[in-house]
Amino acid sequence: MFISVFDLFKVGIGPSSSHTMGPMVAANSFIHNTAKFIAINPESEYKITCTLKDSLAYTGKGHATDRAVTLGINGYLPSTVVDEQMDELIDSIWNSDSVVIGKDKRCSFSPPTDIIFDTKNSLKQNPNGMVFELHNDSNEVVLSETYFSIGGGFISTLEEIDNLKAPLDEEGQLAHPFPFKNAQEMLEMSDKSNKKIWEMKEANELCHVSKDDLDNRIDKIWLAMKSCVESGLAVEGILPGGLNTVRRAKRLHQSLSEDSGHTSTSDWLFAYAMAVNEENAAGHMVVTAPTNGAAGVLPATLYFFYKHRSASNEQIRQFLLTAAAIGGLIKYNSSISGAEVGCQGEVGSAAAMAAAALCEVRGGNSKQIENAAEMSLEHHLGMTCDPVNGLVQVPCIERNGFGAIKAYTASSLALRESGDHLISLDRCVEAMRKTGLDMSTKYKETSLGGLAVSLTEC
């Protein structure tokens, strides 16, 4: 099993990897297919529609799914839109009633009317479904594609999803020197080879890229995370969406800096995580880690180690490689999608990744690293995804801060023990999967239950 560090950590925009980045990628893919179709059949006039299903329909407004689809249909991708002036760009394309396909073919597409939020007709395969259709001048559907946004910015088509085990097509296990597909195999391979988890992950990555390329790309991921933390610490104001949520990270950080003699690790972690998730809620640049909704946990933990413990470049790379190894196991064997398993799959997975990575760079052995990941994930089991007003703000921003604190605590406890423990990471990941299957859809990113319905409107 191989899921690259660059598949788990992707630079994009907020507020959601499954509801923003995934739909943007899907819309862009459909437009490429549309261009091919129109090149062969140029004679008709065409119209494009997109129907959002289930979780995308329920919380798509708050998660900016309609904006993401519009961007994708206009040729943008998460990686190409991060440097744009988003409000200006959205205004210019939102009010247009058509889009240019290929070189010069103009198709009818009006975002306010041609993006449909369908909360009544479900797709059984996945709760984050969307159907794109191309209609001819007789209003007949001449091209249709169904996509699913499966978490972390990954998408799959209707044809692919029934055979989907991992977010990527699996490559032969023999192609990688350490093809572990669960934590037990990871520990056995580490013991047999006398290599650390990050070393095994690095060896697998080097089957695809050179050492210099790997290091450079990991460094860019870190610089994006660092930039996101520091940007969030520098901004005040009200977050968009209508809840009038006040940005708090800057003031909290200023307070800590002015009273540094009376601060705790938890204080700093909370400020750093809050900074990232306020940036995410604003629709700014973040890195999936492994999702946007949980984008603050891991960068906050790493930024703390960098800022307060003088982490070296090598340690930062080892941190991210270890985190990716653990994240890949969770993604492969369960889910990182809030719409599939609730927030245990987002913040819980992020905390497990951060705990393992921090344990590694603080000197932990492989057993202690696995133990840290398990402890952190274990204490997120059952956590619901219930964003108020469908916005990735309440409770999401604070929840990332507490996830970072749990990650740090788990790494510290694991380092003081032998690594032997009762419940393995594999069993914990399976428990999360089963809990997600049993969880009511009200608590899986639909904003139909939990905190999402606790706010009284006057």
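Might you let me know whether the range 280-298 holds any residue that is aliphatic (A, V, I, L, M), in the same structural domain as Thr446 (by TED's automatic domain parsing), closer than 22 Å to Glu378 by Cβ and in a helix (DSSP H, G or I)?
Yes, the range 280-298 contains at least one residue that is aliphatic (A, V, I, L, M), in the same structural domain as Thr446 (by TED's automatic domain parsing), closer than 22 Å to Glu378 by Cβ and in a helix (DSSP H, G or I).
Return the total of residues in the range 203-246 being out of contact with any Lys or Arg (no Cβ under 8 Å at 6 or more places or on another chain), more than 17 Å from Ala295 (Cβ to Cβ) and in a helix (DSSP H, G or I).
Of the residues in the range 203-246, 8 are out of contact with any Lys or Arg (no Cβ under 8 Å at 6 or more places or on another chain), more than 17 Å from Ala295 (Cβ to Cβ) and in a helix (DSSP H, G or I).
Name, by its number, the condition in (1) closer than 20 Å to Lys307 by Cβ; (2) surrounded by 14 or more Cβ atoms within 10 Å (Cβ to Cβ) that does not hold for Arg217.
Result: Arg217 passes all but (1).
From the list Tyr272, Tyr303, which residue is touching a residue at least 40 places away in the same chain (Cβ under 8 Å), in contact with a helix residue (DSSP H, G or I) (Cβ under 8 Å, 6 or more places away or on another chain) and either surrounded by fewer than 19 Cβ atoms within 10 Å (Cβ to Cβ) or farther than 16 Å from Leu321 by Cα (or both)? Working first, answer last.
Numbers: Tyr303 fails: either surrounded by fewer than 19 Cβ atoms within 10 Å (Cβ to Cβ) or farther than 16 Å from Leu321 by Cα (or both).
So the residue among Tyr272, Tyr303 that is touching a residue at least 40 places away in the same chain (Cβ under 8 Å), in contact with a helix residue (DSSP H, G or I) (Cβ under 8 Å, 6 or more places away or on another chain) and either surrounded by fewer than 19 Cβ atoms within 10 Å (Cβ to Cβ) or farther than 16 Å from Leu321 by Cα (or both) is Tyr272.
Condition test on Leu413, is it modelled with pLDDT of 95 or more and crowded, with 17+ Cβ neighbours inside 10 Å?
Judged against the criteria, Leu413 is not a match.
Taking the range 349-385, which residues are under 21 Å from the mean Cα position of the chain (by Cα) and either among the basic types (Lys, Arg) or in a loop (DSSP other than H, G, I, E, B) (or both)?
Once the filter is applied, which keeps residues that are under 21 Å from the mean Cα position of the chain (by Cα) and either among the basic types (Lys, Arg) or in a loop (DSSP other than H, G, I, E, B) (or both), the range 349-385 yields His379, His380, Leu381, Gly382, Met383, Thr384.
Within the range 24-46, is there a residue that is among the acidic types (Asp, Glu) and part of a helix (DSSP H, G or I)?
First pass over the range 24-46, keeping only residues among the acidic types (Asp, Glu): 43, 45.
When the remaining residues are screened for being part of a helix (DSSP H, G or I), the result is none.
No: zero hits.
Within the range 417-430, does at least one residue satisfy the condition of being hydroxyl-bearing (Ser, Thr, Tyr), surrounded by 19 or more Cβ atoms within 10 Å (Cβ to Cβ) and under 29 Å from Glu314 (Cβ atoms)? If you could, list the steps in order and put the result at the bottom.
Of the range 417-430, the ones hydroxyl-bearing (Ser, Thr, Tyr) are 418, 424.
Restricting the remaining residues to those that are surrounded by 19 or more Cβ atoms within 10 Å (Cβ to Cβ) gives none.
Within the range 417-430 (the criterion being hydroxyl-bearing (Ser, Thr, Tyr), surrounded by 19 or more Cβ atoms within 10 Å (Cβ to Cβ) and under 29 Å from Glu314 (Cβ atoms)), the answer is no, since none of the residues qualifies.
Answer yes or no as to whether Asp386 is closer than 30 Å to Lys53 by Cβ and free of Cβ contacts under 8 Å to residues at least 40 places away in the same chain. Break it down stepwise before answering.
Details: closer than 30 Å to Lys53 by Cβ: yes; free of Cβ contacts under 8 Å to residues at least 40 places away in the same chain: no.
Answer is no for this residue.
What is the one condition in (1) surrounded by 15 or more Cβ atoms within 10 Å (Cβ to Cβ); (2) out of contact with any Asp or Glu (no Cβ under 6 Å at 6 or more places or on another chain); (3) under 24 Å from Ala357 (Cβ atoms); (4) modelled with pLDDT of 90 or more that Ile155 does not satisfy?
Just one mismatch for Ile155, condition (3).
Keeping to the range 255-269, report how many residues are touching a residue at least 12 places away in the same chain (Cβ under 8 Å) and over 14 Å from Ile405 (Cβ atoms).
Counting residues in the range 255-269 that are touching a residue at least 12 places away in the same chain (Cβ under 8 Å) and over 14 Å from Ile405 (Cβ atoms) gives 1.
Could you list, in sequence order, the residues of the range 26-70 that are over 28 Å from Pro395 (Cβ atoms) and small (Gly, Ala, Ser)?
Result: Ala27, Ser29, Ala35, Ala39, Ser44.
This table checks each residue for (1) basic (Lys, Arg); (2) surrounded by fewer than 19 Cβ atoms within 10 Å (Cβ to Cβ); (3) under 30 Å from Leu298 (Cβ atoms).
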site: Gly14; (1), (2), (3): no, no, yes
site: Cys50; (1), (2), (3): no, no, no
site: Ala57; (1), (2), (3): no, no, yes
site: Cys107; (1), (2), (3): no, no, no
site: Pro112; (1), (2), (3): no, yes, no
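Within the bounds of the range 331-348, is there any residue that is outside any helix (DSSP H, G or I), acidic (Asp, Glu), within 15 Å of the chain's Cα centre (by Cα) and not assigned by TED's automatic domain parsing to the domain that holds Pro127?
yes
Only one residue in Asn126, Asn139 is assigned to a loop (DSSP other than H, G, I, E, B) and buried (at least 17 other Cβ atoms within 10 Å of the Cβ). Which one?
The unique qualifying residue is Asn126.
Report yes if some residue within the range 85-103 is under 26 Å from Ile336 (Cα atoms), within 24 Å of the chain's Cα centre (by Cα) and not basic (Lys, Arg); otherwise report no.
Checked the range 85-103: no residue is under 26 Å from Ile336 (Cα atoms), within 24 Å of the chain's Cα centre (by Cα) and not basic (Lys, Arg).
The values are calculated or read from the model by the stated rules, or taken from the named source; none is laboratory data. In this text the structure is predicted, and so the values were computed from the model without any measurement. Using ideal geometry, Cβ is built from the backbone for each residue, glycine included, and neighbour counts are taken over all protein chains shown.
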